[in-house]
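Read-outs: derived from the displayed coordinates by stated rules, not from any lab. Every value quoted in this text rests on a predicted model; they were computed, and no experiment measured them. So basically every Cβ, Gly included, is an ideal-geometry build from the backbone, and we count neighbours across all protein chains shown.
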Amino acid sequence: MQRFQINSYKEYEKAYQASIDNPEAFWEEIAESFVWKKKWSKVLEWDFTKPEVTWFKDGKLNITENCLDRHLKDRGNETALIFEPNDPNEGAQYFTYKALHSKVCKFANVLKANNVKKGDRVCIYMPMVPELTVAVLACARIGAVHSVVFAGFSASALSARINDAACKVLLTADGGFRGTKITPLKDIADQALETCPTIQTTIVLKRVNNDVTLLKNQVWWHDQLKTVDDNCPAEIMDAEDMLFILYTSGSTGKPKGMVHTCGGYMVYTAYTFRNVFQYSCSKTNDFGRDYTRSSPKDVYWCTADIGWITGHSYIVYGPLANGATTLMFEGVPSYPDYGRFWDICEKHKVNQFYTAPTAIRALAKQDTNYADNYNLKHLKTLGTVGEPINLEAWNWYNDYVGKGKCPIVDTWWQTETGGIMISSLAGVTKDKPTFATLPLPGVQPVLLDTDGTIIEGNPAEGILAIQFPWPSIARTIYGDHQRYKNVYFSAYKNKYFPGDGALRDASGNYRITGRVDDVIIVSGHNLGTAPIEDAINEHPIVAESAIVGFPHDIKGNALYGFVTLKDIGSTSDQEALRLEINQLITEQIGPIAKLDKIQFTSGLPKTRSGKIMRRILRKIAASETDNLGDTSTLLNPECVQEIMDNVL
Ligand code: 6R9
């Protein structure tokens with residue numbers, strides 16, 4: 001019998017081997033730890049050429065029964081969710097499994113009362129408050145598909161996402177607290193709704209007491225709750241029914257609505273959560289059998305926003321499927337001061353802490369070492385996600401937060417993969433600074449040459465690809481299966497192509513070296529260059545633009561824009577134009593996509609086929625001009641010198 005929890009390196013090796021030798025038998029045994037309404041007829045069917053992947057065919061379940069109902073008997077009074085508000089003086093809130101179950105059922109009934117049915121799409125544009133978690137689970141309860149849009153996105157980004165999925169209902173709030181600022185979510189939503197004909201109802205949560213007026217077809221969350229009870233049987237879902245859509249940036253064009261389904265996503269996020277973080281429940285554990293570690297129960301905190309995949313998989317679904325205590329934080333690491341993360345760790349006795357390199361770098365940069373002022377002795381596991389972690393940040397995290405005693409799990413994965421793919425297992429397999437290390441059971445990575453040949457042996461460096469499906473692989477791009485095929489399955493035959501490069505050391509540990517496409521990761525957020533360029537090009541006097549990333553101390557990468565104007569003499573006030581350009585980007589995408597540097601130039605380096613040579617611009621932006629590489633194919637080599645002479 002395959003154990004749910006891996007407790008030693010030997011067990012990892014055994015599990016990994018079993019998952020390669022017989023993936024179906026391996027995942028079947030793991031899947032049996034969950035509550036299914038009806039068992040599957042086949043564990044896996046797949047064909048990467050179509051691409052089509054089916055896990056747990058004909059299996060029936062509801063993920064919320066696995067995240068909530070099944071815990072009620074043994075751990076109904078244990079804490080499921082801790083909410084830490086933006087303002088520390090407001091005080092934390094604690095929700096037991098019973099309380100969370102009741103809230104989810106009630107809100108599920110609100111959705112039903114508003115005509116939301118199985119398969120309908122519900123857009124959620126909310127701050128990091130408990131109602132967000134409740135809303136996500138309430139959708140899953142009745143089989144509605146949630147599409148959470150990060151509350152930092154602009155009105156036009158929001159409406160594009162609502163329209164892409166033809167959402168029926170929008171859930172939002174009067175506003176959201178972020179440090180000293182309030183985001184006027186309702187105003188932004190109203191602006192978006194002007195161009196969203198499919199939205200029938202908007203349900204508005206009161207959070208900041210902003211003075212907002214409800215328009216036609218808008219209702220208050222609290223009023224809606226008055227008319228429902230908390231009895232809501234879970235909708236029976238097929239393992240392959242859609243659970244949610246989550247948008248991610250592509251290197252070209254509009255955002256991609258990645259589709260995740262119920263069965264495989266649940267199995268994989270729960271399994272990886274338990275094993276990567278080595279989360280300890282207590283002696284009475286639902287997956288039972290082999291669980292002996294420590295009690296009482298751990299407190300786990302992931303600092304991500306539920307608007308991103310990390311929040312979906314490792315704040316909500318993975319932890320709750322394990323009966324864990326998961327903490328969500330509304331605010332920012334710098335408010336009231338840069339000690340806030342550590343204050344929360346001390347206050348809630350956090351045992352597993354999962355954050356992003358950009359946050360670590362920002363904290364490490366402060367003159368005061370705030371981490372030293374708090375008692376962090378409960379920390380057992382530290383995690384990082386979102387981008388490669390540089391050695392300096394890794395060392396700071398290890399020394400000042402982990403005090404040299406906590407394993408650091410550097411988890412490589414993507415919105416598309418649904419769950420963690422390459423990572424050490426805390427204290428079970430070895431970590432190695434700046435390396436994500438080893439693939440999880442079920443994950444079969446390879447490194448490829450540019451022509452697609454598999455590079456055998458170690459060490460090696462190349463393009464990362466995955467050659468076998470895992471349960472939580474995204475099944476399609478909503479409404480555009482052809483694009484799904486083109487982006488992920490066409491570059492290399494019969495392999496999933498994630499868009500990252502990697503190297504493998506002599507012992508087979510993977511280190512992710514960064515994107516190999518036109519996606520730039522800024523402060524852990526994926527940004528496609530094309531949508532930003534589209535926004536800039538809307539400016540009436542802009543002719544053309546090209547965006548590249550350049551190294552930044554805190555953000556990892558920052559954005560550098562090269563912009564040509566329709567008439568070079570058309571503006572004397574470059575500073576004003578820069579502000580206007582960033583304003584356009586803020587309106588079209590959101591403040592996260594603003595450019596740090598904007599250089600005006602008379603031309604952009606282009607190939608004869610008219611493609612902008614970003615490779616050259618990238619080098620100039622990073623001040624690596626010693627070796628610009630091959631410029632012989634350029635149509636207009638003269639502009640390169642001009643750009644170098646005026647670099648910012
Ligand atoms: C979970 C998440 C995915 C991209 C991915 C890669 C980068 C994520 C990383 C990492 C190096 C890690 N990335 N984790 N790079 N080391 N541990 O971040 O999903 O927002 O879709 O981003 O992030 O480039 O391809 P998503």
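A few notes on this one:
- Each residue of segment 611-627 was assigned a 3J(HN,Hα) from its phi angle through the Karplus curve 6.51 cos²θ - 1.76 cosθ + 1.60 (θ = phi - 60°); the sequence is 8, 5, 8, 5, 3, 6, 5, 4, 5, 5, 5, 8, 6, 10, 8, 4, 10 Hz, with glycine and proline shown as x.
- Relative contact order (percent, whole number), the chain, Cα cutoff 8 Å, 6+ residue spacing: 12 percent
- Local electrostatic count, N537, Cβ distance below 12 Å [Lys/Arg +1, Asp/Glu -1]: -3
- Along its three principal directions, the equivalent ellipsoid of segment 589-648 from the Cα gyration tensor extends over semi-axes of 21, 14, 11 Å, largest first.
- Between segment 94-123 and segment 174-216, the alpha-carbon center distance in angstrom: 20 Å
- Convex hull volume per residue in cubic angstrom - Cα atoms of segment 405-493: 111 Å³
- Residue pairs, from the table K37/K73; K10/K430; K430/K495; K10/K432; K206/K254; K254/K485, whose Cα atoms sit over 22 Å apart: K430/K495; K206/K254
- Total formal charge among the other residues, if their Cβ is under 13 angstrom from that of K186, Lys/Arg +1 and Asp/Glu -1: -2
- Remark: segment 1-64 is approximated by an ellipsoid whose semi-axes, taken from the C-alpha gyration tensor as √(5λ), come to 23, 18, 9 Å, largest first.
- Inverse of mean 1/r across different Cα pairs in segment 407-564, Kirkwood, Å: 17.3 Å
- Pairs of lysines in segment 523-645 (C-alpha under 16 Å apart; 8 or more residues apart or interchain): 4
- Cα centroids of segment 29-84 and segment 140-167: 24 Å apart.
- Estimated from helices alone, the mean residue ellipticity of the chain at 222 nm is -8000 deg cm²/dmol (sum of -39500 (n - 2.57) over DSSP H runs with n ≥ 4, per residue).
- With K and R counted +1 and D and E -1, the other residues having a Cβ less than 10 Å from that of N526 yield a net charge of 0.
- Packing, taken as the mean count of other beta carbons within 10 Å per residue, orders the peptides 411-422, 479-490, 57-68 from highest to lowest as 411-422, 57-68, 479-490.
- When the alpha carbon coordinates of segment 523-645 are projected onto the principal axes, the ranges are 38, 35, 25 Å, largest first.
- Computed over the chain, Kirkwood Rh from alpha-carbon pairs, angstrom: 25.5 Å
- Take each peptide in 298-310, 577-589, count the other Cβ atoms within 10 Å of every residue, and average; sorted highest first, the result is 298-310, 577-589.
- Mean Cβ neighbour count within 10 Å, used as a protection proxy, ranking 527-533, 594-600 highest first: 527-533, 594-600
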